[in-house]
Amino acid sequence: MKRIVLAAVAASLGLLATSAALADTQTLATAGAWKAFGGTSNDNTPVCGISTSGNGLFFSLKVYKGDEEMTVQLGSSDWKIKDGAKQKLAMRFDKETPWNATATGFHFSDGDAGLEFVVKLKNLETFITEFAGGNKLRINFEGSDVDSWSAGLSGTAAVTAAFADCIKKRL
């Protein structure tokens, strides 16, 4: 079943076609600290995602209609980041090979600083498999005085199924 969900996510992204308001999303499923959501982004683009937040921190995976990649966003109410600034990071699920990225700084609509990077379609199935099947997520920020992050992944399998369903139905 898990393999079917993951294949549906990857296949749906491959079929997406290109299509100014405030984001309007609804929670589709909640499991543990994680939620799946769907709706529209700030520019009215259809979006499906998974997120968690707490203690001033935010983490999300988002797929926008028309994209052939998944956007990963991290945020903190304590960060001071300039828009466009680059930050190297390593994200690891359990003891899997780290996902290394150079994230770009931006600010969320509430003013909190964030970082974002993308996972290309060709890598999406592996990423989602590790995310949905993992126990712990750890993120290290290279060359920065920002503390490492860690988060439990309990519930990610359930919200990943709702995420895949959102992509299939909405995008």
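Computed values, structure above
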{"read-out": "Furthest towards positive pole of dipole, Leu57, Thr40, Cys166, structure part the chain, Cβ charges", "value": "Cys166"}
{"read-out": "Local electrostatic count, Ser76, Cβ distance below 10 Å [Lys/Arg +1, Asp/Glu -1]", "value": "-2"}
{"read-out": "Candidate aspartates and glutamates - alpha carbon under 15 Å from Lys95, same-chain residues fewer than 8 apart omitted", "value": "Glu130"}
{"read-out": "Sum of -39500 (n - 2.57) over DSSP H runs of 4+, divided by residues of the chain (222 nm, nearest 500)", "value": "-7500 deg cm²/dmol"}
{"read-out": "Simple Cβ-charge dipole of the chain, Lys/Arg +1 and Asp/Glu -1, about Cα centre, in debye nearest 20", "value": "480"}
{"read-out": "Label of the coordinate-derived value, Rg and Dmax of the Cα atoms in Å, listed as [x] 16.7, 51; [y] 15.1, 42; [z] 19.0, 67", "value": "[y]"}
{"read-out": "For peptides 29-40, 48-59, sequence by mean Cβ density within 10 Å, most packed first", "value": "29-40, 48-59"}
{"read-out": "Subset of Lys62/Lys120; Lys86/Lys122; Lys35/Lys168; Lys35/Lys169 violating a 19 Å alpha-carbon distance limit", "value": "Lys86/Lys122"}
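None of the figures in this text is laboratory data; all of them are computed from the coordinates on show. Note that the structure is a prediction, hence the values are computed from the model and not measured. All Cβ positions, glycine included, derive from the backbone under ideal geometry; neighbour counts span all protein chains shown.
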